[in-house]
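What follows is a set of notes on a single structure, which appears directly below.
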Amino acid sequence: MPKHLTAAQLSRFRSEGYVFPLRAMSPGRAAECRARIEAYEAQAGHDANRTLKIKGDLAFPWLMKLGRNPRILDAVEDVIGPNILLFGASIFAKDGRDPRYVSWHQDSVCFGLAPHEEVTAWVAFTDSTMEKGCLKVMPRTPLAPDMRHVETYAEDNMLARGQSIEALDENRAVFMELAAGEFSLHHERTAHASGPNRGADRRIGFAFFHIPTYVRSTISRRRATLVRGRDDDGYWDADHVPHFDLDPQSMEQLSAAWGEYKDGETRPAADMAEE
Ligand SMILES: O=C(O)CCC(=O)C(=O)O
């Protein structure tokens, strides 16, 4: 018996690689999340995209708490089972009238995981509509092996290396529009992208990356946080979870993970990953 998804939604996820919209929290709570992000940006003096990536959940206890949101985890559990590790989280924030976009890509080529069973919960802190450049997915892509990615380093591309799958049929794309407080799920092999924000207001989402405990890292031994169930597999060390905002120990771990990713150290691992 699924805990959050209906049987039809679960079957859709398995065949198409995504499901939406699901409710994580009220619009009021989502507005609080946005306000917290914007308070951090004001204090740090830069766009949160510069720092709250890869392991952005380690910056603040409130983000780690959101990573344990029971409604999100119930849906994730329906897909990957009861023993769940959160191995990272990234913000994707676009300003109003922002040309930045995310090119078509599969996370499976850079996550360095085997088997490929990661599920991302993308949580909307603001409304995320087609006009605002919501997340879009290419159905059924998880059913095939990884696709070829070209590194473009394009200026407005929000991905570190501008990695991009070319020649996808845009007409088949599904736009996952969400209201503030809702979330979507997609599989790590689901090709996804997002366009520029043509709206006046910001579009902010936080993507949480989940794996079942039996998934291994193909890069090296890494860290993750057990957010539900038990870890009898022992493939991951425990994250330094933040005890207070910007806890230096957690921030050190966050920076190290971001540095590795930007340096492309995850790429060879994608080649090593089991198909
Ligand atoms: O939010 C976006 O625009 C892109 C999100 C994304 O690439 C992801 O969740 O993996």
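The values are calculated or read from the model by the stated rules, or taken from the named source; none is laboratory data. Note that this is a predicted model, so its numbers are computed, not measured. FYI the Cβ positions are ideal-geometry reconstructions off the backbone, even for glycines, and counts take in every protein chain you see. Just the protein is used for accessible areas: all its heavy atoms, side chains included, with ligands, DNA and RNA removed. Shrake-Rupley method; radii C 1.70, N 1.55, O 1.52, S 1.80 Å.
If we keep just the residues of the stretch 197-212 that are open to solvent by 10 Å² or more (accessible area, probe 1.4 Å) and outside any strand (DSSP E or B), which is farthest from the ligand (Cβ to nearest atom)?
The first filter runs over the stretch 197-212 and keeps only residues open to solvent by 10 Å² or more (accessible area, probe 1.4 Å), leaving 198, 200-202, 209.
Pick out the ones that are also outside any strand (DSSP E or B) and you get 198, 200-202.
Numbers: Arg198: 14, Ala200: 18, Asp201: 15, Arg202: 12 Å.
Looking at the filtered set, the residue picked out is Ala200.
Could you tell me whether Val137 is within 16 Å of the ligand (Cβ to nearest atom) and over 16 Å from the mean Cα position of the chain (by Cα)? Outline the logic, then answer.
Numbers: within 16 Å of the ligand (Cβ to nearest atom): yes; over 16 Å from the mean Cα position of the chain (by Cα): no.
The answer is no for Val137.
Does Leu22 satisfy being aliphatic (A, V, I, L, M) and closer than 23 Å to Met138 by Cα?
Working: aliphatic (A, V, I, L, M): yes; closer than 23 Å to Met138 by Cα: yes.
It is true that Leu22 is aliphatic (A, V, I, L, M) and closer than 23 Å to Met138 by Cα.
So is Thr190 at pLDDT 95 or above and of a type in the set (Ser, Thr, Tyr) or not?
Yes.
Between Arg172, Arg161, Arg216, Arg221, which is away from the ligand (no atom under 12 Å from the Cβ), more than 23 Å from Phe87 (Cα to Cα) and in contact (Cβ under 8 Å) with a residue 12 or more places away in the chain?
Working: Arg161 fails: more than 23 Å from Phe87 (Cα to Cα); Arg216 fails: more than 23 Å from Phe87 (Cα to Cα); Arg221 fails: more than 23 Å from Phe87 (Cα to Cα).
Only one candidate passes the filter, namely Arg172.
I need a count of the residues in the stretch 1-44 that are more than 23 Å from Ala173 (Cα to Cα), part of a helix (DSSP H, G or I) and open to solvent by less than 70 Å² (accessible area, probe 1.4 Å).
Counting residues in the stretch 1-44 that are more than 23 Å from Ala173 (Cα to Cα), part of a helix (DSSP H, G or I) and open to solvent by less than 70 Å² (accessible area, probe 1.4 Å) gives 12.
Quick one: which residue in Glu155, Glu117, Glu131 is open to solvent by 30 Å² or more (accessible area, probe 1.4 Å), under 22 Å from Asp47 (Cα atoms) and touching a residue at least 40 places away in the same chain (Cβ under 8 Å)?
On the way: Glu155 fails: touching a residue at least 40 places away in the same chain (Cβ under 8 Å); Glu117 fails: under 22 Å from Asp47 (Cα atoms).
Among Glu155, Glu117, Glu131, only Glu131 is open to solvent by 30 Å² or more (accessible area, probe 1.4 Å), under 22 Å from Asp47 (Cα atoms) and touching a residue at least 40 places away in the same chain (Cβ under 8 Å).
For every residue, the table says whether it meets (1) β-branched (Val, Ile, Thr); (2) under 21 Å from Gly17 (Cβ atoms); (3) within 12 Å of the ligand (Cβ to nearest atom).
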position	(1), (2), (3)
Pro145	no, yes, no
Ala167	no, yes, no
Ala180	no, no, no
Ser184	no, yes, yes
Gly195	no, yes, yes
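Which condition number in (1) in contact with a strand residue (DSSP E or B) (Cβ under 8 Å, 6 or more places away or on another chain); (2) open to solvent by less than 10 Å² (accessible area, probe 1.4 Å); (3) away from the ligand (no atom under 16 Å from the Cβ) is the one that Gly112 fails?
The number of the failed condition is (3).
Tell me, yes or no, whether the stretch 97-109 has at least one residue that is more than 14 Å from the ligand (Cβ to nearest atom) and surrounded by 17 or more Cβ atoms within 10 Å (Cβ to Cβ).
Scanning the stretch 97-109, I find no residue that is more than 14 Å from the ligand (Cβ to nearest atom) and surrounded by 17 or more Cβ atoms within 10 Å (Cβ to Cβ), so the answer is no.
Run Lys132 past the list (1) among the charged types (D, E, K, R); (2) modelled with pLDDT of 95 or more; (3) within 13 Å of the ligand (Cβ to nearest atom); (4) more than 19 Å from Val174 (Cα to Cα) and report the number of the one that doesn't hold.
Failing condition for Lys132: (4).
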